[in-house]
Amino acid sequence: MGCVESLTALLRRREVECRLTPDLALQTLGDAETFLRGRGLLTRTADCALPSLYEACHEDPYKPGSPGFGSWPATKWPWFGELAERGYLLAAVHRGKNLLVTSEVADLLDPICRAEITRMHAADPGWRRLLDHLAAAGPSSIDDLRVELRLKRQELKALRAPLERCGAIVARSVQVTAGDGHLHSSELARWDQVHPGSGGTGTDPRRALADLIAAGVRAAVVAPERELRRWFSWPWYWTDALVDGLVRAGRLRRVDGHVTVAG
């Protein structure tokens, strides 16, 4: 019979696998990519048990004592976007915050994000107009969308924010020429345009959310059970039986108020 790790042992393993100590700091963008591929998903900054790219950098902040961007790593802050440029999806499904995911985790997200396209298309005429326009025009820049849909900047922002939060659309940074230099803008696309293949987890978003929670626990190594329902943007797909079902199926196990992958 195998040894069952205690919470203390799991927390020690989490320190190593999530690179929580300075001696394990990410040194290069290649290190960061290996870290992402090993974990499957990364938050930008540390705000829960899910692994964080910037936390694993262990670099002094850009502006010590400042909130927001100033708290990001002084030189390694571009890595989050640079990993997205290498083909990894960036989606604002961590309650409106960006989550960087591998193709395997994108497959788990796929049934949920497709269900959200359908739900949000039916729920609001403004959302429907933006989704239909992207379906017809393809991925489009913010400036083009404002012109083509005749929307003010704040009107477009109000439409896109909930769609991005729920994964129906995703945004990526693009560089545009401006005189002798370059500016950064955003391009919006529907989820089914950036991830055209099916994830293979079935069409039920509740089942897909359970699979995603299990992947998040694996990424975190161990996590407080009470925070799992706050990881992602879809409380309407969460049920109180979700974790119980994963435990009964032998995919997760409970230990002192926390959960970890079984086996």
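Worth a mention:
- Meets criteria (open to solvent by 30 Å² or more (accessible area, probe 1.4 Å), more than 30 Å from ARG253 (Cα to Cα) and under 20 Å from the mean Cα position of the chain (by Cα)) for PRO64: no
- Hey, TRP72 open to solvent by 50 Å² or more (accessible area, probe 1.4 Å), without any contact (Cβ under 8 Å) to a residue 60 or more places away in the chain and not β-branched (Val, Ile, Thr) or not: no
- Test: residue in segment 203-210 that is within 22 Å of ALA123 (Cα to Cα), out of contact with any strand residue (DSSP E or B) (no Cβ under 7 Å at 6 or more places or on another chain) and modelled with pLDDT under 95: yes
- Checked against (1) over 22 Å from SER233 (Cα atoms); (2) touching a residue at least 40 places away in the same chain (Cβ under 8 Å), GLY96 passes all but condition (1).
- If you check GLU5, GLU59, GLU82 for being acidic (Asp, Glu), closer than 30 Å to LEU188 by Cβ and either open to solvent by 40 Å² or more (accessible area, probe 1.4 Å) or at pLDDT 95 or above (or both), only one passes: GLU82.
- In segment 219-253, of all residues being assigned to a loop (DSSP other than H, G, I, E, B) and of a type in the set (Val, Ile, Thr), the one that is surrounded by the fewest Cβ atoms within 10 Å (Cβ to Cβ) corresponds to THR239.
- Just one of (1) modelled with pLDDT under 95; (2) among the hydroxyl-bearing types (Ser, Thr, Tyr); (3) closer than 23 Å to ARG14 by Cβ fails for THR45. It is (1).
- Filter result for the condition that a residue is part of a strand (DSSP E or B), among the hydrophobic types (A, V, I, L, M, F, W, C) and closer than 23 Å to LEU212 by Cβ, over LEU100, LEU109: LEU100
The values are calculated or read from the model by the stated rules, or taken from the named source; none is laboratory data. Remember, predicted model here, so these are calculated numbers, not experimental data. Reconstructed Cβ throughout: ideal geometry from the backbone, glycine too, with neighbour counts over all protein chains shown. Just the protein is used for accessible areas: all its heavy atoms, side chains included, with ligands, DNA and RNA removed. Shrake-Rupley method; radii C 1.70, N 1.55, O 1.52, S 1.80 Å.
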